[in-house]
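A short reminder: the numbers here are calculations on the coordinates, not readings from a lab. Keep in mind that what you see is a predicted model, and the values were worked out from it rather than measured. FYI the Cβ positions are ideal-geometry reconstructions off the backbone, even for glycines, and counts take in every protein chain you see.
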């Protein structure tokens, strides 16, 4: 089943409200979507975005995990699931989620490799972190600048500079 025009409009509005930090309005748009379309990946993915933006980490873990298991082709479900786990300081679990996502998105998702570099760095697996970061930067050179400032990569940067 594909999302109807009204659902797509409500999702677009919800995403706009999320971007503006207007969480009550975003939630109202999501709740106004017809019951038969609530389970669509588009709607569920937008709910993941909502929970992440609202910093509702535990809820994001549940919603993103359910979506990733039901629709492994939805990249942001995996990324959001892992990110929420990371925010809860459950780094090993976050890493495991992205390793599980790799067969689905590893060839196309620079952010997957970048986040794995961060998690590996936090876990002290600096060789793997270095390889993951190099892969992310090959896929999307913008990650080079992000890596220079990312607090999750402090250990990797320290190892590289010998500090």
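So the values come out like this:
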| read-out | value |
| --- | --- |
| Degrees, to the nearest 10: 91-105 long Cα axis against longest axis of the chain | 70 |
| Degrees separating the helix 57-70 axis from the principal Cα axis of the chain, which is the longest one | 80 |
| Max mean-square fluctuation residue, GNM over the chain, Cα-Cα springs under 10 Å, options 101, 125, 34 | 34 |
| Length-normalised contact order of region 4-110 in % [C-alpha pairs under 8 Å, at least 6 apart] | 19 |
| Angle in degrees between helix 41-53 and the longest Cα principal axis of the chain, rounded to the nearest 10 | 60 |
| Nearest-0.05 FRET efficiency for residue 73 and residue 6, computed from C-beta distance (R0 25 Å) | 0.55 |
| Over 28 Å [Cα-Cα, the chain], rounded percent | 27 |
| All-pairs Cα distance distribution in region 106-163, expressed in whole percent, bin size 10 Å | 29, 58, 12, 0 |
| Residues residue 161 and residue 138, FRET efficiency given R0 of 30 Å [Cβ-Cβ distance, rounded to 0.05] | 0.90 |
| Helix-derived mean residue ellipticity, 222 nm - over the chain, DSSP H n ≥ 4, -39500 (n - 2.57), to 500 | -23500 deg cm²/dmol |
| Length released on extending from residue 89 to residue 108, taking residue separation times 0.36 nm less the Cα-Cα span | 4.2 nm |
| Separation of the residue 13 and residue 31 label points, Cα + 7 Å toward Cβ, nm | 1.4 |
